[in-house]
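The values are calculated or read from the model by the stated rules, or taken from the named source; none is laboratory data. On a predicted model such as this, the values are computed, not experimentally measured, just so you know. Every residue, glycine as well, gets a Cβ built from its backbone with ideal geometry; the counts of neighbours run over all protein chains shown.
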Amino acid sequence: MENSVPLRSEVKNKYKWDIDTLYFNKEGVLRDTRKLNEMIEEIQSYKGRLTESADTLYSCLKIVEKASRLCEVMSTYTFMKRDEDNSNVDGQELADLGQKISVEFESAVSFINPEIIAAGEEKINKLIDEKKELKLYKHYIHNILRQGKHILSPKEEKIIAQTGEMASSMVNTFKMLSIVDIKMPSVKNSKGEEIELTANNFTKLLTSEDRILRKNAFNTFYGEYEEYKNTFGALIAGSNKADIFYAKVKGFDSALDKALFDENIPRQVYFNVIDSVSKNIDALDSYCEMKKKMLNVSELHLYDLYAPIVKNVDSNVEFEEGKEMVLEGLSILGDDYINILKEAFDNNWIDVYENKGKCSGAYSWGCYDTKPYILLNYNNKLNDVLTMSHELGHSVHSYKSRKNQPYVYSQYTIFCAEVASITNECLMYLYLMDKLQGDERKYIINEFLELIRTTYFRQTMFAEFELQSHTLIEKGESLNGEKASEIWLKLYEKYYGRYCVIDKGIEMEWARIPHFYNAYYVYKYVTGLSAAISIAKSIVDDRKNVDRYMEYLKSGGSDYSIELLKKAGVDMTTSKPMDDAAEMFRYLLKEFNK
């Protein structure tokens with residue numbers, strides 16, 4: 001019932017984050033906005049003369065750092081204030097203000113990278129040698145210089161920037177078509193009852209125990225998408241062409257090279273993902289064989305893949321009990337780690353319960369000068385405990401990075417972002433497998449299996465599709481709805497063709513994946529999971545490996561992602577992390593089959 005969701009004011013303070021310690025009211029944000037504007041004026045005074053001397057470069061970087069830190073505090077507060085209650089008009093106004101502040105700041109500092117690049121490596125190195133304080137910024141500056149050969153003239157860069165809104169029309173049209181314009185008819189369940197089908201509840205219906213409902217939802221949903229095959233084909237082709245245009249105009253050999261360049265990821269990492277998963281497809285075969293047996297069906301169809309094989313365990317896990325489970329489950333990471341978790345629980349890092357108007361889902365957020373806050377919507381379920389451990393992984397990573405790195409290196413990359421959170425999840429899964437018995441243990445094993453199946457295997461299949469669809473255009477061939485469906489069907493045959501019936505409707509699944517409008521992003525889900533499983537396995541095997549993992553957490557963004565992960569004992573340029581993930585999947589299958 002709607003009345004069961006409390007108002008924000010009805011939630012006890014001990015279950016709320018304390019972001020109001022950052023600002024008492026909107027006036028405080030406005031005062032700091034005026035301070036920031038003064039700093040922006042000072043930053044602008046360096047425009048055109050940034051590298052005239054070592055002192056000038058250093059002075060500018062210091063004021064930029066000061067302004068950036070203030071801007072981040074304001075952004076953190078304004079957006080999180082909105083998220084705690086979206087029905088609060090003041091919170092909406094604050095979020096708008098925070099967005100405006102961020103855009104103005106980014107615009108004000110946009111001259112810095114081009115001026116550093118224009119000065120050239122020889123001059124920059126000379127400036128760094130002249131002033132010892134600049135040595136701190138060496139990696140930061142050299143990462144900017146690395147981009148030099150892909151930076152065009154200011155006039156050309158301005159033109160490219162102005163194409164951004166035009167290029168985003170593909171994803172905007174995709175969203176309108178898939179979420180708003182396509183109207184799904186209702187579908188019938190096994191009792192003949194009409195069930196609403198929407199873009200939002202489709203996945204939920206595929207997890208139903210009712211096989212007739214699953215089949216009808218699957219066939220109806222993809223049947224409707226089939227009607228728009230040509231339109232979706234034009235959209236994905238247009239998006240891929242935009243990726244290729246930006247790659248070529250910036251001097252990259254391919255869209256893949258451009259996507260990997262930002263985080264300095266070697267090409268072999270991407271191909272390791274595909275090659276390793278292809279090598280371990282037989283593990284997915286074993287999973288499908290087990291699923292077919294557990295569902296007791298003569299044929300395993302694609303609409304059966306998400307069907308539950310263990311009934312959802314309605315364990316009531318109160319937040320206080322969930323805290324203790326997390327503390328016990330992650331105790332393997334040592335006293336220092338546990339003390340940080342206790343600080344999170346005791347010092348209002350976490351906004352625990354749902355309230356009216358609160359943002360859904362969960363996240364970890366904050367900045368260098370705030371706590372690494374966490375938003376939850378804790379609902380007293382076992383999965384909520386796992387979600388909490390996941391977000392705490394992010395927050396402890398942020399906490400350690402900020403405590404041990406100067407501001408300029410306190411942010412870790414997207415490539416590294418999910419490693420700490422999923423390491424926590426893996427350790428919690430293994431802990432709960434030891435702790436729980438019967439159906440609860442089966443449920444946890446199955447959840448862990450599904451995490452790996454839907455990430456390691458499924459996201460790699462997505463990564464293969466991206467590679468094949470982009471390569472097709474780069475070779476001068478055309479991409480359309482028919483060809484996209486042909487690629488997709490062949491990938492399903494590769495991944496599931498031996499133990500599953502490849503239902504015709506699946507050939508349109510590519511058309512509903514929003515990630516394909518963000519070029520070559522999905523492989524990071526696979527690398528993050530694989531690195532995390534590899535780390536968790538190494539810690540369980542030998543607790544001495546905790547120390548090197550802690551060194552990784554402390555490192556922030558002080559080096560390139562690949563090098564940082566090596567500190568944790570994970571070399572993503574090899575296939576080992578990927579193979580560790582496959583080995584974990586096989587182990588879980590054996591445990592489930594027992």
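For the range 273-289, filtering for residues that are under 24 Å from THR574 (Cβ atoms) and part of a helix (DSSP H, G or I) leaves 11. Within the range 113-137, residues that are under 22 Å from LYS47 (Cβ atoms) have Cβ atoms under 7 Å from residues that are of a type in the set (Gly, Ala, Ser) and not in a helix (DSSP H, G or I) in no pair, counting only partners at least 6 apart in sequence or on another chain. Of everything in the range 126-158 that is within 25 Å of SER107 (Cα to Cα) and acidic (Asp, Glu), the residue that is surrounded by the most Cβ atoms within 10 Å (Cβ to Cβ) is GLU157.
Close Cβ contacts (under 6 Å, 6 or more residues apart or on different chains) running from residues in the range 229-254 that are within 15 Å of HIS470 (Cα to Cα) to residues that are polar (S, T, N, Q) and crowded, with 19+ Cβ neighbours inside 10 Å comprise ASN240/SER469. Of GLU482, GLU509, GLU486, all but one fail to be in contact (Cβ under 8 Å) with a residue 40 or more places away in the chain, more than 28 Å from the chain's Cα centre (by Cα), over 15 Å from TYR270 (Cβ atoms) and in a helix (DSSP H, G or I); the exception is GLU482. Here's a check for you: in the range 363-379, which residue that is within 30 Å of VAL313 (Cβ to Cβ) and surrounded by fewer than 18 Cβ atoms within 10 Å (Cβ to Cβ) is farthest from the chain's Cα centre (by Cα)? Among residues in the range 363-379 that are within 30 Å of VAL313 (Cβ to Cβ) and surrounded by fewer than 18 Cβ atoms within 10 Å (Cβ to Cβ), the one farthest from the chain's Cα centre (by Cα) is ASN379. The set of residues in the range 363-399 that are of a type in the set (A, V, I, L, M) and at pLDDT 95 or above comprises ILE374, LEU375, LEU376, VAL385, LEU386, MET388, LEU392, VAL396. Six or more apart or on different chains, Cβ under 8 Å: which pairs go from a residue in the range 268-282 that's under 16 Å from GLN468 (Cα atoms) to one that's of a type in the set (D, E, K, R)? Could you list them? Hits for this filter: ILE274/GLU464; SER278/LYS494. Yes or no: ALA344 assigned to a loop (DSSP other than H, G, I, E, B) and surrounded by 15 or more Cβ atoms within 10 Å (Cβ to Cβ)? So ALA344 does not fit the description; no. As for the range 468-475, it holds at least one residue that is at pLDDT 95 or above, within 29 Å of TYR228 (Cβ to Cβ) and outside any helix (DSSP H, G or I). Evaluate the range 417-437: report whether one residue or more is modelled with pLDDT of 95 or more, more than 20 Å from PHE585 (Cα to Cα), buried (at least 21 other Cβ atoms within 10 Å of the Cβ) and not aromatic (Phe, Trp, Tyr). Checked the range 417-437: no residue is modelled with pLDDT of 95 or more, more than 20 Å from PHE585 (Cα to Cα), buried (at least 21 other Cβ atoms within 10 Å of the Cβ) and not aromatic (Phe, Trp, Tyr). Close contacts from the range 60-74, counting a first residue that is under 22 Å from LYS131 (Cβ atoms) and a second that is of a type outside the set (D, E, K, R) and outside any helix (DSSP H, G or I), with Cβ to Cβ under 6 Å and a gap of 6+ residues or different chains, come to CYS60/TYR46; CYS60/LEU50; VAL64/VAL109; ARG69/TYR368.
Pick from the range 70-112 the residues that are of a type in the set (Phe, Trp, Tyr) and in a helix (DSSP H, G or I): which of them is modelled with the highest pLDDT?
TYR77
Being surrounded by 20 or more Cβ atoms within 10 Å (Cβ to Cβ), charged (D, E, K, R), under 29 Å from GLU583 (Cα atoms) and more than 25 Å from the chain's Cα centre (by Cα) is a property that ASP304 has. Looking across the range 159-194, just one residue is under 15 Å from ASN240 (Cα atoms), exposed (fewer than 13 other Cβ atoms within 10 Å of the Cβ) and polar (S, T, N, Q), and that is ASN172. Every test in (1) farther than 21 Å from MET584 by Cα; (2) hydroxyl-bearing (Ser, Thr, Tyr); (3) under 17 Å from the mean Cα position of the chain (by Cα) is passed by THR527 save one, and that test is (1). The residues on offer are PHE221, PHE174, PHE202, and the sole one that is over 30 Å from ARG267 (Cβ atoms), touching a helix residue (DSSP H, G or I) at 6+ places or on another chain (Cβ under 6 Å), aromatic (Phe, Trp, Tyr) and at pLDDT below 95 is PHE202. Residues in the range 228-264 that are among the small types (Gly, Ala, Ser) and either on the phi < 0 side of the Ramachandran plot or assigned to a helix (DSSP H, G or I) (or both): GLY233, ALA234, ALA237, GLY238, SER239, ALA242, ALA247, SER254, ALA255, ALA259. The residues of the range 1-40 that are closer than 26 Å to TYR368 by Cβ and not in a helix (DSSP H, G or I), listed by number, are LYS16, TRP17, ASP18, LEU22, TYR23, PHE24, ASN25.
Scanning the range 80-125 for residues being surrounded by fewer than 14 Cβ atoms within 10 Å (Cβ to Cβ), under 17 Å from SER9 (Cβ atoms) and of a type outside the set (S, T, N, Q) gives a total of 2.
Put simply, of LYS155, LYS204, LYS149, LYS215 the only residue that is in contact with an Asp or Glu (Cβ under 9 Å, 6 or more places away or on another chain) and either not in a loop (DSSP other than H, G, I, E, B) or not polar (S, T, N, Q) (or both) is LYS215.
Residues considered: MET550, MET572. Of these, the only one that is hydrophobic (A, V, I, L, M, F, W, C), surrounded by 17 or more Cβ atoms within 10 Å (Cβ to Cβ) and closer than 21 Å to ASP275 by Cβ is MET572.
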